[in-house]
Amino acid sequence: MRKTAGILSVNSKFIEDFKDAVTGFEVIEYSLIEKIKPDEISILLTDIHIFDSDDNIQFYLSKLRKKLQRIPVIIILHDDELSKINADWFFDDFLLHPYKPFEVEKRMMLAILRSNPSDISSMLSAGKIKINTQEYSVFLNDEKIECTYKEFELLRFLVENKGIVFSRKELLNKIWGIDYIGGTRTVDVHIRRLRSKLGEEFSTVIETVRNVGYRCKAD
């Protein structure tokens, strides 16, 4: 069965080039966020130019995440616009236009696979930490902890792979994508933020492996 991709754009060139690049997907066009129907699509690509201004990009990506939940979102932009986006925002990957041959479908399939782990259970737990993967929520002693999208994904990935040590570079590739232009210090920054939010419980769950990286302690 062919998957269905949504594209949020009013740029006819972006849309036509996209359709030419994704022969394995049905494509539904949207001109407004309000018109998007999550049950219609497996993934959404959004043109960065459809947002009111650069200052509102984060707001609209957050709005998309709340509407789409675990449906992955890929931003379409030009090479000189990379500085407009922040890795902490609610998106899964980005594509540069004009598209490279064969790149579009591969990135889309990877984003879909990352958003649908083989474990279909919506609840994960480690110590006193509970993670609801359907609702993108984290609880400590049944009290909800507010996390950014990348903080959530990092914690979820480590908990899903208990006992396995991941280097900073591996975590960067898994969570931010292999083409992320930032350095591995990004991982340490997000680990530090999670440690601050989860307090002492963080150290009982996530272990720093010196000179290597991090792992979630096995039960």
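What follows is calculated from the coordinates using simple rules that are stated; it is not laboratory data. Note that the structure is a prediction, hence the values are computed from the model and not measured. Here the Cβ is made from the backbone with ideal geometry for all residues, glycine too, and neighbour counts use every protein chain on show.
Say whether the condition of being surrounded by fewer than 17 Cβ atoms within 10 Å (Cβ to Cβ), more than 28 Å from VAL104 (Cα to Cα) and of a type in the set (Val, Ile, Thr) is met by at least one residue in region 139-151.
no
Going by what's in this entry, would ARG107 be described as among the basic types (Lys, Arg) and touching a residue at least 40 places away in the same chain (Cβ under 8 Å)?
When the stated conditions are applied, ARG107 does not pass them.
So, of the residues in region 154-168 that are surrounded by fewer than 20 Cβ atoms within 10 Å (Cβ to Cβ) and in contact with a Gly (Cβ under 8 Å, 6 or more places away or on another chain), which turns out to be farthest from HIS190 (Cα to Cα)?
VAL165
Taking region 9-50, which residues are among the polar types (S, T, N, Q) and out of contact with any Ser or Thr (no Cβ under 9 Å at 6 or more places or on another chain)? Before the answer, list the steps.
Within region 9-50, the subset among the polar types (S, T, N, Q) is 9, 11-12, 23, 31, 42, 46.
Within region 9-50, ASN11, SER12, THR23 meet the criteria.
May I ask you to list the residues in region 200-217 that are touching a strand residue (DSSP E or B) at 6+ places or on another chain (Cβ under 9 Å) and over 16 Å from SER125 (Cα atoms)?
Across region 200-217, the qualifying residues are THR208, VAL209, VAL212, GLY213, TYR214.
Please state which one of LEU68, LEU82, LEU32, LEU113 is surrounded by 15 or more Cβ atoms within 10 Å (Cβ to Cβ) and aliphatic (A, V, I, L, M).
Exactly one residue qualifies, and that residue is LEU68.
Which numbered condition trips up GLU29, out of (1) in contact with a helix residue (DSSP H, G or I) (Cβ under 7 Å, 6 or more places away or on another chain); (2) in contact (Cβ under 8 Å) with a residue 24 or more places away in the chain?
Here GLU29 clears every test but (2).
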